[in-house]
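What follows is one structure encoded as structure tokens, with my remarks underneath.
The values are calculated or read from the model by the stated rules, or taken from the named source; none is laboratory data. Small disclaimer: the values here were computed from a predicted structure and weren't measured. Positions of Cβ are generated from backbone atoms using ideal geometry, with glycine treated the same way; all protein chains shown enter the neighbour counts.
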Amino acid sequence: MQTAHASGHSAPVQASAPLAGAVPAGEGVLRFWGLEIYHARLWVPPAFDAQDWAAHPLALALTYRRGFDAAAIARRSLEEMRRQGPLDEALAQRWEQQLRAALPQVQPGDRVVGLYRPGAGVQFLHNGKPHGSVADAAFGARFMGIWLAPQTSEPALRAALLALPR
């Protein structure tokens, strides 16, 4: 079972926002069996409304503490996306293939940023450089919902990222 904990300042604050005009909303650490998997930080526009998060452009930065290949990240992402509701199997397979192509293999210390644009999908940056994208509006909302939707498997991390009272 996974557990998430809010982090104080476990990772250095990035000097500039990965999304123009964005400000940090919250951050936290994903742990699995006590091991840190990644540090997450959410960047949002100044007029951000956490209750309507999918209506805003967002940047979610994950700094990995462990290495993973793109296929493993894509597979786990689809498992988490299914938590938000029924998903057509053919669509899920297409999204998983697109994710495998869009995501990098990560090593400890690597930073992957998902830039979400409502109605457009998600662009991925790996260590500050464009790496791939999935240009599908429904994918974008489902993908960001892994962390931000009420159905997330990590409600404590969601609360930390969205700076929600607990």
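Results, tabulated for the structure shown:
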| item | result |
| --- | --- |
| Matching option when the condition is modelled with pLDDT under 95, within 18 Å of G145 (Cα to Cα) and under 16 Å from the mean Cα position of the chain (by Cα), among A4, A22, A59, A54 | A4 |
| Within the range 96-123, tally of residues that are within 16 Å of Y38 (Cα to Cα) and surrounded by 13 or more Cβ atoms within 10 Å (Cβ to Cβ) | 9 |
| Residue match in the range 91-105 (condition: polar (S, T, N, Q), closer than 17 Å to H131 by Cα and without any contact (Cβ under 8 Å) to a residue 24 or more places away in the chain) | yes |
| Leading residue by the ranking (nearest to F48 (Cα to Cα)) among those in the range 143-155 that are surrounded by 17 or more Cβ atoms within 10 Å (Cβ to Cβ) and either in contact with a Lys or Arg (Cβ under 9 Å, 6 or more places away or on another chain) or without any contact (Cβ under 8 Å) to a residue 60 or more places away in the chain (or both) | L148 |
| Residue in the range 34-43 that is over 17 Å from L148 (Cβ atoms), assigned to a loop (DSSP other than H, G, I, E, B), of a type in the set (A, V, I, L, M) and at pLDDT 95 or above present | no |
